1. Would a scan of the range 93-102 turn up a residue that is among the basic types (Lys, Arg) and in contact with a helix residue (DSSP H, G or I) (Cβ under 8 Å, 6 or more places away or on another chain)?
2. Please go through the range 15-44 and give me each residue that is farther than 18 Å from Tyr86 by Cβ and out of contact with any Phe, Trp or Tyr (no Cβ under 8 Å at 6 or more places or on another chain), ordered by number.
3. Hey, Ile124 hits all of (1) part of a helix (DSSP H, G or I); (2) under 19 Å from Gly28 (Cβ atoms); (3) open to solvent by 20 Å² or more (accessible area, probe 1.4 Å) but one; which does it fall short on?
4. Give the residue, chosen from Leu189, Leu168, that is within 27 Å of Ala26 (Cα to Cα) and among the hydrophobic types (A, V, I, L, M, F, W, C).
5. Name the residues in the range 1-22 that are within 10 Å of the chain's Cα centre (by Cα) and of a type outside the set (D, E, K, R), would you?
6. Restricting the range 36-52 to residues that are modelled with pLDDT of 95 or more and within 20 Å of Val196 (Cβ to Cβ), which is nearest to the chain's Cα centre (by Cα)?
7. Within the range 185-193, can one find any residue that is in a loop (DSSP other than H, G, I, E, B) and over 19 Å from Leu67 (Cα atoms)?
8. Cβ contacts < 9 Å: first residue free of Cβ contacts under 8 Å to residues at least 12 places away in the same chain, restricted to the range 59-77; second residue polar (S, T, N, Q) and assigned to a helix (DSSP H, G or I), any location; separation 6+ or different chain. Result?
Amino acid sequence: MHRTEAERALALAGLLQACRLVQQVAHGRPRDTQALETSIGSIFKLDAGSALEVYGSLGGLRTGLELVGQQLEGRSAKPDLELSRYAIAILHLERKLGQHPQLLQRIKTGVEMALSQADYFSLIHPTVIASLAETYQQTVSTLTPRIMVQGDQTQLDNPDNASWIRALLLAAIRSAVLWRQAGGRRWKLLLSRRKVVSAAQRWLEQERGPLH
């Protein structure tokens with residue numbers, strides 16, 4: 001894995017996008033299907049050679065790339081504190097997860113099973129999402145502190161939504177792993193915030209380039 005600012009920007013975008021999708025499910029807001037497929041799809045890219053390979057395309061990561069500038073520098077909108085709380089919690093849990101090899105193996109086994117289901121059904125089929133959700137529940141959910149998702153209680157009580165939230169939190173964990181592999185650290189983010197935002201902006205310009 002390349003340890004560059006560009007790679008870290010993509011990983012952070014993936015993390016923020018998965019957390020934003022969690023918010024949208026929890027509050028009953030519209031969801032971008034391409035963003036969903038990109039975030040869920042990243043879970044299955046266990047042996048990718050680069051961050052871009054993990055996400056497949058820049059188009060499916062546009063939401064996350066835009067959020068990097070918003071969350072780190074307040075571009076276009078004020079930082080979303082709830083989103084920041086989710087992202088920080090995920091980074092913390094990913095570090096704890098690394099201390100439990102048996103849980104990492106359980107995640108790998110669960111992801112491989114869900115991948116075989118995705119090959120038969122589709123990437124975001126309810127069966128696949130439920131399988132990923134169960135993997136999250138049996139692994140990451142056993143660590144403390146658990147992530148407490150806020151939202152509309154009616155939405156949170158819906159079993160399908162609960163599965164989506166857990167699957168997307170697993171996607172966020174995947175991006176947190178990628179962030180660490182690319183050399184990402186919380187203190188480094190504080191020191192190089194502008195460089196990460198600039199890298200995300202360059203990715204956005206590359207993604208939008210053919211449209212102009």
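The values are calculated or read from the model by the stated rules, or taken from the named source; none is laboratory data. These numbers come from a predicted model, not from an experiment. Note that we place each Cβ from the backbone using ideal geometry, even for glycine, and neighbour counts take in every protein chain shown. Accessible surface areas use protein heavy atoms only, side chains included; no ligands, DNA or RNA. Shrake-Rupley method; radii C 1.70, N 1.55, O 1.52, S 1.80 Å.
1. For the range 93-102, residues among the basic types (Lys, Arg) and in contact with a helix residue (DSSP H, G or I) (Cβ under 8 Å, 6 or more places away or on another chain): present.
2. Pro30, Thr33, Gln34, Glu37, Phe44
3. (1)
4. The conditions single out Leu168.
5. Matches in the range 1-22: Ala11, Leu12, Ala13, Gly14, Leu15, Leu16, Gln17, Ala18, Cys19, Leu21, Val22.
6. Restricting to residues being modelled with pLDDT of 95 or more and within 20 Å of Val196 (Cβ to Cβ), the top hit is Ser39.
7. No, the range 185-193 contains no residue that is in a loop (DSSP other than H, G, I, E, B) and over 19 Å from Leu67 (Cα atoms).
8. Taking only residues 6 or more apart or on different chains, the pairs are Ser76/Gln70; Ala77/Gln70.
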